[in-house]
Amino acid sequence: MSTRDAADPEAAGVCAEVAAAGWRWVLAQVRWDDGPWIPESVPHAGAPPDERDGTHSGVGGLALALAELALARAWTPQEAELADAVATRVRAGLGATDDCSAFDGLVSAVGTLVALDAPGAEDAVARLAALAGPDGWGQSVLGPPYPDGTRISDATLGTAGVLLGAVWARRHRVRGADDLARHAADVLLAEAEPADVGRLWRFVPLRFLDHVAPEERREMPNWSHGVAGIAGALAVAGAELERPDLVVAARSGAEHLLSWADTGGGGLVVPRVVPPRPDGPVEVSYGWCHGPTGTALLFEALELAGVEEVAGLAPGAWRRRCLRSVAASGVPQRREPGAWDNDGRCCGTAGVGDAALDSWQRHGDEADLALARACGDALVERAVLDGPHAWWRFVEHRAAEPLLPPGVGWMQGAAGIAAYLARLARVLREGREAPAVARLDSWWVLPPPVRH
C-alpha cells in the first residue's frame, strides 16, 4: 500500500476546518485565576472546578491538543503563552497534591509536562515515589464501605496508571522513573489472584472487600478500570524493564479477560461490568474506556513484549477481533437512543477514530482507515457551528439529562474531538507516514515503535 493511499485533500480540508473551529471555541473558554483553567462544560458560573489541572477535563488535557497542533503548524503567540502557563500551573501544584491518578493527579502531570516538553516531570516522579507505600498509593475516590487505605489497581486511577506513567517518564530519561516503575510493577504482581483461567486483578484488591457484599463485588474488566489495562501496563513494563515475569503475568491476565469475552462472529467483546447489574446500563460498550477500542491496547502491548500466543491465537489476531467488533457494531451510527450517543475520546466517536488511525498507520488494514474516516465524517456532521466556533453535544451514561452541555476538555470535550479531526486531516493529506503524537497511555501502538 502506498503511503499516499489515504490522500483526500477535500476531506482533509473539511476536517481541518471543523477542527480549527472547535479549537477556537476551546481557546475562547480559557479563563484565568491563579493561572489558566477551563470549565468542564459551558455554560459555567463560579469558581474553577476541583480537577482544574488534569488531563481528563482540565488544562492538562489542552497540552495534548497543543502537541497535536504542533505537528501541523507552529503555535500562535496565544497558544505558546497558554502552553507556558499550563506547565507553570501544573509544576506549581506538584508538591501539594496527593492524587496519583492518570486522569487528574501526578501521573497526569507527567503526561502534560512531557507533551509540552517542559521541565517538572522529575518532580512529579519524585512526589509519586514519596507517596508510595509498600502496597501502592492512596486514593480519595472510594469511601465507605471501603476501609481507609483502600488501594486501586487500574490504569486510570490506580497502580497500573502509576506504572504507565513511570515507564513513560523512564523513556524520557526522567530521574527516579526506573525505581518507580519497578515498585509499581511489584505492587501489581502482589495483588494478583489465582483464577480458574489465568490470573485476575480487581479494580479494588480482594483484601479491601470484606465489607462489600459478595453479590455487589463487580468488576469493570476492560481498559480503563479493569484487568485489560492492568495486564497491558504489565506487558509494557515487562518489555521496557526486560522483566519476563511481568510479561508472563500480563499474558495470564489476558487469558482471564478472554474467559469473559464473547468471541462470536470473529470478534471480541468483553462486558462492561461483570457480573452485569440487573438494572444497570447497557451490558456492552465499544469505546476506549469500557470496550474493545481500549482493550485492543492490551494485545498491542503483548505484541510489544514478544508474546506469541494467548488462548490459542496471536495477540495481533485478538487485536484485529477487537476492532472488527467495533466496526460491526455500527459505530458511529446513532441507530437508537443510547446505542452510540457519545462523541468524546473516553467513551465515544473520537476515541474510536483515534484508535482506528493508530491501527491503520501501524498495520495498514483498510478497514481501520474506513472506520477512522466514518468517525471523522460523523464528528463533522454533528458539530454545532456558530460563526468561527464549533462544539459538540452528546449523551453520557452517568448523566440524568438526555443531552450534555458542550464539554471543553480532552476526554469528553471539544479539545479532544478537535485534536482527532486535526490528526485525521493530516493523515488524509500525508498518508500512513504522517507523524502521530505519542502519549503515555498508547505510545506502543504507533508506527514505528518509539524506542530510545
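The values are calculated or read from the model by the stated rules, or taken from the named source; none is laboratory data. Computed from a prediction, not measured in an experiment: that's the story for all the values here. As a convention, Cβ positions derive from the backbone with ideal geometry for all residues, glycine included, and neighbour counts pool all protein chains shown. Surface accessibility is based on the protein's heavy atoms, side chains included, excluding ligands, DNA and RNA. Shrake-Rupley method; radii C 1.70, N 1.55, O 1.52, S 1.80 Å.
Annotations
- Lone unmet requirement of (1) in contact with a Cys (Cβ under 8 Å, 6 or more places away or on another chain); (2) part of a helix (DSSP H, G or I) for residue 56: (2)
- Test for residue 419: is it small (Gly, Ala, Ser), crowded, with 24+ Cβ neighbours inside 10 Å and at pLDDT 90 or above: yes
- Within region 191-204, the set of residues being touching a Gly at 6+ places or on another chain (Cβ under 9 Å) and either open to solvent by 40 Å² or more (accessible area, probe 1.4 Å) or in a helix (DSSP H, G or I) (or both) comprises 191, 199, 202.
- In a residue-by-residue description of region 144-153, the property of being within 20 Å of the chain's Cα centre (by Cα) and crowded, with 24+ Cβ neighbours inside 10 Å applies to at least one position.
- Within this structure, residue 131 passes the test of being over 23 Å from the mean Cα position of the chain (by Cα) and either crowded, with 19+ Cβ neighbours inside 10 Å or within 23 Å of residue 56 (Cα to Cα) (or both).
- Test: residue in region 80-91 that is out of contact with any Leu (no Cβ under 6 Å at 6 or more places or on another chain) and part of a loop (DSSP other than H, G, I, E, B): no
- The combined condition, being within 21 Å of residue 243 (Cβ to Cβ) and either part of a helix (DSSP H, G or I) or open to solvent by 40 Å² or more (accessible area, probe 1.4 Å) (or both), is fulfilled by residue 161.
- Residues of region 257-307 that turn out to be within 10 Å of residue 325 (Cβ to Cβ), aromatic (Phe, Trp, Tyr) and open to solvent by less than 20 Å² (accessible area, probe 1.4 Å), as a count: 0
- Failed criterion for residue 50 (all others in (1) crowded, with 18+ Cβ neighbours inside 10 Å; (2) charged (D, E, K, R); (3) under 23 Å from the mean Cα position of the chain (by Cα) hold): (1)
- Considered as a group, the residues in region 101-128 that are part of a helix (DSSP H, G or I) and in contact with a Lys or Arg (Cβ under 6 Å, 6 or more places away or on another chain) include one that is most open to solvent (accessible area, probe 1.4 Å), and that residue is 122.
- Residue 98 vs. criteria in contact with a helix residue (DSSP H, G or I) (Cβ under 9 Å, 6 or more places away or on another chain), of a type in the set (D, E, K, R), in a loop (DSSP other than H, G, I, E, B) and more than 21 Å from residue 177 (Cα to Cα): no
One line per residue, one yes/no per condition, for (1) among the basic types (Lys, Arg); (2) part of a loop (DSSP other than H, G, I, E, B):
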site: 248; (1), (2): no, no
site: 294; (1), (2): no, no
site: 299; (1), (2): no, no
site: 308; (1), (2): no, yes
site: 325; (1), (2): no, no
site: 334; (1), (2): yes, yes
site: 346; (1), (2): no, yes
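- Of the criteria (1) open to solvent by 50 Å² or more (accessible area, probe 1.4 Å); (2) under 27 Å from residue 411 (Cα atoms); (3) modelled with pLDDT of 95 or more, which one residue 244 fails: (2)
- Remark: pairs (first residue in region 293-309, over 20 Å from residue 372 (Cβ atoms) and modelled with pLDDT of 95 or more; second residue open to solvent by 30 Å² or more (accessible area, probe 1.4 Å) and part of a helix (DSSP H, G or I); Cβ separation under 6 Å; 6+ apart in sequence or on different chains) = 307/251.
- Residue 175 assigned to a loop (DSSP other than H, G, I, E, B), over 20 Å from the mean Cα position of the chain (by Cα) and modelled with pLDDT of 95 or more: yes
- Region 308-323 - residue that is open to solvent by less than 20 Å² (accessible area, probe 1.4 Å) and of a type in the set (A, V, I, L, M) and, of those, nearest to residue 270 (Cα to Cα): 323
- If the condition is being open to solvent by 30 Å² or more (accessible area, probe 1.4 Å), touching a helix residue (DSSP H, G or I) at 6+ places or on another chain (Cβ under 9 Å) and part of a helix (DSSP H, G or I), then region 205-239 contributes 206, 207.
- Candidate set from region 35-53 (those that are of a type in the set (A, V, I, L, M, F, W, C) and assigned to a loop (DSSP other than H, G, I, E, B)); member that is nearest to residue 104 (Cα to Cα): 38
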